[in-house]
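**Student:** Could you have a look at this structure, given as structure tokens, before my questions?
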Amino acid sequence: MNTENDIREAITSVINSSGRSPFLFLGSGFSRRYALTENWKDLLRYVCHQYSDNEFLYEKYSNEVDSESEYGRNPAIAKLIDRDFTNYALSSDQFTEFRKAHADEIKSGKSLVKIVIAEHLKDTQVESKQEEFSKFKKLSNKLSGVIT
């Protein structure tokens, strides 16, 4: 039976023998746990509420998506929202300041949904879970990057 220490040593050995620093892959659970942010579904609902008063707009999009979508439900729903939100944001007076602030990003083809979500999350504070967070800080100089 492998102990936690055996597993740690095996992982360390593989990483050290590779000659490269690893990437850390983090899902939404990380940001939900440490920053108390919304999950995928709630972030997409947030975007819907930026351009519509329809409280069931997310459900409308969800209904349009096949449950067997190639990338999963939420990416497929996000694609539909992105299309409609972008069309609205590029023409509505409500988003004039947004367009001015993000003109270069918009012209370069960046997703407006991603921009809105990034703005929404930019002032998020990380909840203090000192012991756990200090372990992540120790890892920071041993990683090539973080992918979310």
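The values are calculated or read from the model by the stated rules, or taken from the named source; none is laboratory data. Predicted, not measured: the structure shown is a model, and the values here were computed from it. All Cβ positions, even for glycine, are placed from backbone atoms using ideal geometry, and neighbour counts span all protein chains on display. What goes into the accessible areas is simple: the full protein's heavy atoms, side chains included, and nothing from ligands, DNA or RNA. Shrake-Rupley method; radii C 1.70, N 1.55, O 1.52, S 1.80 Å.
**Student:** Please verify whether Ala10 is open to solvent by 40 Å² or more (accessible area, probe 1.4 Å) and either over 29 Å from Ser140 (Cβ atoms) or not β-branched (Val, Ile, Thr) (or both), treating the condition exactly as stated. It would help to see each step written out before you state the result.
**Tutor:** Values: open to solvent by 40 Å² or more (accessible area, probe 1.4 Å): yes; either over 29 Å from Ser140 (Cβ atoms) or not β-branched (Val, Ile, Thr) (or both): yes.
Criteria met by Ala10.
**Student:** Take the residues in the range 105-139 that are open to solvent by 80 Å² or more (accessible area, probe 1.4 Å) and in a helix (DSSP H, G or I), then tell me which one is modelled with the lowest pLDDT.
**Tutor:** Per the criteria, the residue is Gln130.
**Student:** All but one of (1) over 24 Å from Val146 (Cα atoms); (2) among the β-branched types (Val, Ile, Thr); (3) open to solvent by 80 Å² or more (accessible area, probe 1.4 Å) hold for Ile77; which doesn't?
**Tutor:** (3)
**Student:** Taking the range 34-56 as the region of interest, how many residues are hydrophobic (A, V, I, L, M, F, W, C) and either over 19 Å from Phe95 (Cα atoms) or at pLDDT below 95 (or both)? I'd like the intermediate steps shown before the answer.
**Tutor:** Restricting attention to the range 34-56, the residues satisfying the condition of being hydrophobic (A, V, I, L, M, F, W, C) are 35-36, 40, 43-44, 47-48, 56.
Narrowing the set further to residues that are either over 19 Å from Phe95 (Cα atoms) or at pLDDT below 95 (or both) leaves 35-36, 40, 43, 56.
Total satisfying the criteria: 5.
**Student:** May I ask you to verify whether Thr86 is in contact with a helix residue (DSSP H, G or I) (Cβ under 6 Å, 6 or more places away or on another chain), among the polar types (S, T, N, Q), surrounded by 13 or more Cβ atoms within 10 Å (Cβ to Cβ) and free of Cβ contacts under 8 Å to residues at least 60 places away in the same chain? Talk me through it step by step, then tell me what you get.
**Tutor:** Values: in contact with a helix residue (DSSP H, G or I) (Cβ under 6 Å, 6 or more places away or on another chain): yes; among the polar types (S, T, N, Q): yes; surrounded by 13 or more Cβ atoms within 10 Å (Cβ to Cβ): yes; free of Cβ contacts under 8 Å to residues at least 60 places away in the same chain: yes.
In short, yes.
**Student:** Any chance the range 47-61 includes a residue that's in a helix (DSSP H, G or I), touching a residue at least 60 places away in the same chain (Cβ under 8 Å), of a type outside the set (Phe, Trp, Tyr) and open to solvent by less than 90 Å² (accessible area, probe 1.4 Å)?
**Tutor:** Step one: filter the range 47-61 for residues in a helix (DSSP H, G or I), giving 47-51, 57-61.
Filter once more, keeping what is touching a residue at least 60 places away in the same chain (Cβ under 8 Å): 47, 50.
Subset that is of a type outside the set (Phe, Trp, Tyr): 47, 50.
Those still in the list that are open to solvent by less than 90 Å² (accessible area, probe 1.4 Å) too: 47, 50.
Taking every residue of the range 47-61 in turn, at least one turns out to be in a helix (DSSP H, G or I), touching a residue at least 60 places away in the same chain (Cβ under 8 Å), of a type outside the set (Phe, Trp, Tyr) and open to solvent by less than 90 Å² (accessible area, probe 1.4 Å).
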